[in-house]
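Visitor: First the structure, then my questions, so here it is.
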Amino acid sequence: MDIFTQQLVNGLVLGSIYALVALGYTMVYGILELINFAHGEVTMIGAMVALSVIGVLAGVAPDLPGVLVVLGGILVAIPACMLLAFGIEKIAYRPLRKAPRLAPLITAIGVSIILQNLAMLIWGRQYVSFPEILPTTKFEFLGAHISLLQIAIVVLALTIMAGLWLLVEKTRLGRAMRATAQSREVAELMGVNVDRVISATFIIGAAIAVIAGVMVSAYYGLAHYYMGFMLGLKAFSAAVLGGIGNIAGAMLGGLLLGVIEALGAGYIGDITGGFLGSHYQDVFAFFVLIGVLVFRPSGLLGERVANRA
Amino acid sequence: MQSNKKNYVVAGLLALLAAGCGKQQESGDQIVKIGSVAPLTGPQTHIGKDNENGARLAVDEINAKGLQLGGKKVKLELLGEDDQAEPKTATIVAQKLVDAGVVAVIGHLNSGTSIPASKIYHDAGIPQISPSATAVAYTAQGYNTAYRVMANDAQQGKALGQYAVGKMGAKKIAIVDDRTAYGQGLADEFEKAAKAAGGAVVAREFTNDKATDFSAILTSIKGKTPDLIFFGGMDPQGGPMAKQMKSLGLTAKLLGGDGLQNVNFVKLAGTDAEGVVASSPGLPIDSMPGGPDFRKRFEAKYGVIQVYAPYAYDAVYALVEAMKRADSAEPARVLAELPKTDIQGVSGPVKFDAKGDTTGGAVTLYQVKGGAWQVLETVK
């Protein structure tokens with residue numbers, strides 16, 4: 001039982017992070033029908049910038065509480081990545097908005113490769129370690145070890161998701177985003193500044209990605225120019241699982257995928273009697289992706305996309 | 001075909017530029033190309049660059065001293081290639097080096113890349129000396145071209161297994177490996193030795209060489225209450241694994257091979273690295289015959305030594321000594337001389353047995369104490 005609880009906790013933490021990154025994929029897809037493959041790299045750049053600032057802060061003011069240092073890192077990284085995402089959209093996607101859909105998809109992959117290599121040049125090839133400045137308090141809950149950091153990750157992720165939902169459903173910008181998603185042309189005719197809405201979508205996605213990136217590096221204690229790749233693929237799978245283009249779907253998909261991965265990797269060996277082992281951990285995400293595409297292409301909550309198609 | 005050739009020329013030129021050897025050569029010198037292959041992108045880049053730097057230091061020294069073969073002045077040129085630690089990329093760059101006309105290759109870094117590449121070098125008839133591939137399979141293929149300067153996994157795994165049960169008192173052991181030829185090979189050899197010494201293996205779990213999340217497998221291991229966890233893999237995985245063990249409340253000790261025994265592991269695992277034990281083939285760098293001196297020369301040029309640089313350095317010297325004895329850089333003649341290698345390298349004496357394995361197979365065990373690796377003991 002305690003093992004099961006622990007696996008559930010592992011999965012929820014992992015899933016919260018997937019969900020945050022998945023939001024960025026799904027928001028952009030909802031509006032542009034573009035899979036922004038550079039989003040995983042934006043997450044990585046966010047983590048790297050934050051980590052650099054954290055390193056400097058921790059060196060300059062060693063007495064500052066760790067939480068404030070990390071907050072400082074996030075506060076610098078968010079505007080940096082917002083600017084980056086704004087620039088990516090403006091340079092790489094906007095000129096191709098009227099082009100066939102495959103063209104921006106390929107530029108997205110290109111941007112992703114450029115960012116990865118840029119990060120390698122700036123931060124080097126080594127794994128950058130996250131300084132041990134956050135409290136490592138642990139709790140026991142139904143036999144599972146839960147750290148303060150894990151609780152913070154899940155709570156913060158849920159808060160951000162709720163905030164985003166409020167933004168999309170209750171504000172003017174949110175209404176403009178939904179209108180643009182339904183029909184760009186009609187929204188434009190109604191006086192919505194579509195370019196600005198699209199930029200805003202990229203910027204919001206980037207801000208959330210930074211927080212996810214810092215969460216990943218704090219949780220695993222490291223960051224690396226390569227980290228955005230797998231994270232991006234998993235988050236993309238999560239977004240498809242929930243129904244790409246659907247914000248609630250991305251949250252659900254992320255959490256579900258995290259739990260599926262944790263339980264899958266934890267139990268597959270025992271269930272198959274050692275025939276299949278935990279090396280299949282990464283496969284679950286992609287099994288889920290294929291399964292969803294075959295049996296329910298619109299995802300769990302994705303009716304809206306189906307309607308439009 | 002035409003464009004293919006052009007590609008190779010372009011790639012060759014790029015490699016020249018990347019190697020910083022794009023300058024015009026003085027006339028008269030005969031250029032002898034040596035390949036160096038290691039991952040220069042991806043998670044193991046720091047170790048890969050370390051190997052290349054080790055080889056480059058040797059090449060630069062030999063060039064500075066001047067080398068004469070067959071009465072002609074010879075200038076060595078090192079072509080550094082990136083195999084991304086990927087077996088399939090390894091075969092591509094191996095072919096590229098063969099086409100570029102290298103007379104020998106120092107590499108690859110990983111066993112998983114050295115093994116598939118070794119067939120290409122064997123077919124081309126050029127010697128390959130790996131500084132760091134330790135999988136038993138590498139030299140067991142019957143190729144007269146495959147050599148290594150480091151103790152193999154059978155020697156290392158045996159020492160680790162005996163140490164775990166004998167000295168660390170492990171009774172219930174969990175084993176994790178990263179499914180690479182190195183990780184899996186070392187874990188298999190460890191398992192054999194640990195079982196032979198009387199330990200029980202209660203769990204065998206797997207991950208990959210790009211993973212960072214081990215909470216699921218560690219939780220499942222925790223349910224089997226082992227007192228020791230052995231990890232066959234490298235530091236980018238070992239570091240976070242040590243951290244996650246602590247945060248999951250696992251009290252088992254972590255034991256690893258040479259993939260963990262480096263500075264980066266301690267950086268990544270932070271305070272959770274404390275008490276971790278890992279082995280490394282050969283002697284600790286400061287106990288190596290030429291260690292402290294090598295460290296000085298290396299650090300002046302490239303910074304901190306990661307792990308295998310001294311072995312890459314020795315591999316170049318073993319090769320060049322064979323060239324000198326053959327008085328030629330022709331691969332066939334160098335190959336005939338390699339088995340007679342008997343040099344005093346930085347890492348210790350370099351001699352090969354009939355398979356191409358090194359005969360001086362010491363294994364040293366280290367433990368992290370106070371944030372740094374401290375020598376526990378050396379097993380012969």
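Visitor: What are the aspartates and glutamates whose alpha-carbon lies under 14 Å from the alpha-carbon of B:K49, with same-chain residues fewer than 8 places away excluded?
Guide: B:E81, B:D82, B:D83, B:E299
Visitor: Based on DSSP H runs of at least 4 residues, each adding -39500 (n - 2.57), what is the mean residue ellipticity at 222 nm of chain A after dividing by all its residues, to the nearest 500 deg cm²/dmol? Provide the component values of the computation, followed by the final result.
Guide: Numbers: 12 runs with 227 residues, N = 309.
Using -39500 (n - 2.57) per qualifying helix, the result is -25000 deg cm²/dmol.
Visitor: Quick one: Cα centre-to-centre distance for segment B:147-187 and segment B:272-338, in angstrom?
Guide: Each part reduced to its Cα centre gives a spacing of 22 Å.
Visitor: Still on this structure, please answer the following. Local charge sum around A:Y225 (other residues, Cβ-Cβ under 12 Å, Lys/Arg +1, Asp/Glu -1)?
Guide: With Lys, Arg at +1 and Asp, Glu at -1, the net is 0.
Visitor: Using a ≥ b ≥ c from the Cα gyration tensor of segment A:1-121 (square roots of the eigenvalues), is it rounded, prolate or oblate, where a/c under 1.5 gives rounded and otherwise the larger of a/b and b/c decides, a/b for prolate? Let's see the in-between values first.
Guide: Values: a/c = 2.67, a/b = 1.35, b/c = 1.98.
Cα axes put segment A:1-121 in the oblate bin.
Visitor: Also: Can you put A:I88, B:I31 in order of Cβ neighbours within 10 angstrom, beginning with the fewest? Intermediate results must be reported in sequence, preceding the final value.
Guide: Values: A:I88 24, B:I31 12.
Lowest count first: B:I31, A:I88.
Visitor: Under the Karplus relation 6.51 cos²θ - 1.76 cosθ + 1.60, θ = phi - 60°, what is the ordered set of whole-Hz ³J(HN,Hα) values for segment A:188-203, x standing for Gly and Pro?
Guide: 5, 5, 7, x, 7, 7, 4, 4, 5, 5, 5, 4, 4, 4, 4, 5
Visitor: So for B:T251, B:T45, A:T43, fewest C-beta neighbours within 10 Å to most, what's the order? Write down the numbers at each step before the final one.
Guide: On the way: B:T251 10, B:T45 24, A:T43 32.
Fewest to most other Cβ atoms nearby, the residues stand as B:T251, B:T45, A:T43.
Visitor: Report the label-to-label distance for B:T378 and B:A332 in nanometres (one decimal), using points 7 Å from each Cα along the Cα→Cβ vector.
Guide: So the label points at B:T378 and B:A332 sit 4.1 nm apart.
Visitor: While we're looking at this one, here's another question. What nm value, rounded to one decimal, do you get for the distance between A:N193 and B:I31 when each label is placed 7 Å out toward the C-beta?
Guide: 5.8
Visitor: With a cut-off of 8 Å between alpha carbons and a minimum separation of six or more residues, what is the relative contact order of chain A in percent? Mind dumping the intermediate values first?
Guide: Working: 502 pairs, mean separation 106.7, N = 309.
So the answer I get is 35 percent.
Visitor: Using the Cβ atoms and a cut-off under 12 Å, what net charge is assigned to the surroundings of A:V13, where Lys and Arg are +1 and Asp and Glu are -1? Write down the numbers at each step before the final one.
Guide: Numbers: positive: none; negative: A:E261, B:D213.
Result for the neighbourhood of A:V13: -2.
Visitor: Residue by residue through segment B:318-328, what is 3J(HN,Hα) from phi via Karplus (6.51 cos²θ - 1.76 cosθ + 1.60, θ = phi - 60°)? Round to whole Hz and write x for glycine and proline.
Guide: Result, ordered by residue: 4, 5, 5, 4, 5, 4, 5, 5, 6, 6, 6 Hz.
Visitor: Can you give the longest run of chain A that contains no trypsin sites (Lys or Arg not before Pro) sitting in a DSSP loop with at most 13 other Cβ atoms inside 10 Å?
Guide: Values: sites that count: A:K98, A:R101.
Formally, the longest exposed-site-free interval is A:102-309.
Visitor: Next up: For chain B, set up a Gaussian network in which alpha carbons nearer than 10 Å are linked by springs, and say which option among B:G183, B:G259, B:G223 fluctuates the most.
Guide: Maximum among the listed residues: B:G223.
Visitor: Using Cα pairs closer than 8 Å and at least 6 residues apart in sequence, work out the relative contact order for chain B, in percent. Can you show the working numbers first?
Guide: Working: 853 pairs, mean separation 63.6, N = 380.
Here the relative contact order equals 17 percent.
Visitor: If you rank A:I153, A:I208, B:I92 by fewest surrounding Cβ atoms within 10 Å, what's the result?
Guide: Numbers: A:I153 24, A:I208 28, B:I92 15.
Least to most surrounded, the residues fall as B:I92, A:I153, A:I208.
Visitor: If you place +1 on the Cβ of every Lys and Arg, -1 on the Cβ of every Asp and Glu, and leave all else neutral, what size is the dipole of chain A about its Cα centre, to the nearest 20 Debye? Working shown, then result.
Guide: Numbers: 17 positive and 15 negative charges, 216 e Å.
Roughly 1040 debye for chain A.
Visitor: For a quick check, take a GNM of chain A with Cα springs below 10 Å and name the residue from A:G143, A:G191, A:G11 with the largest mean-square fluctuation.
Guide: Highest fluctuation among the options: A:G191.
Visitor: Along each of its three principal axes, how wide is the spread of alpha-carbon positions in chain A, in whole angstrom units, largest first?
Guide: Rounded to whole Å, the extents work out to 57, 52, 37 Å.
Visitor: Taking chain B as a Gaussian network, where each spring joins two C-alpha atoms under 10 Å apart, which residue of B:Y317, B:Y182, B:Y302 fluctuates the most?
Guide: Top of the fluctuation ranking is B:Y302.
Visitor: Now for a separate question. Would you tally the net charge around B:G157, using a Cβ to Cβ cut-off of less than 13 Å, leaving B:G157 out, and scoring K and R as +1, D and E as -1?
Guide: On the way: positive: B:K158, B:K192, B:K195; negative: B:D153, B:D177, B:D188, B:E189, B:E191, B:D258.
Computed value for this residue: -3.
Visitor: Strictly over 32 Å apart at the Cα level, which of B:K301/B:K355; A:K98/B:K88; A:K138/B:K158; B:K33/B:K296 would you flag in this model?
Guide: Beyond 32 Å between Cα atoms: B:K301/B:K355; A:K98/B:K88; A:K138/B:K158.
Since every read-out is calculated from the coordinates, none of them should be taken as a lab result. Note that the structure is a prediction, hence the values are computed from the model and not measured. Backbone-built Cβ (ideal geometry, glycine too); neighbour counts: all protein chains shown.
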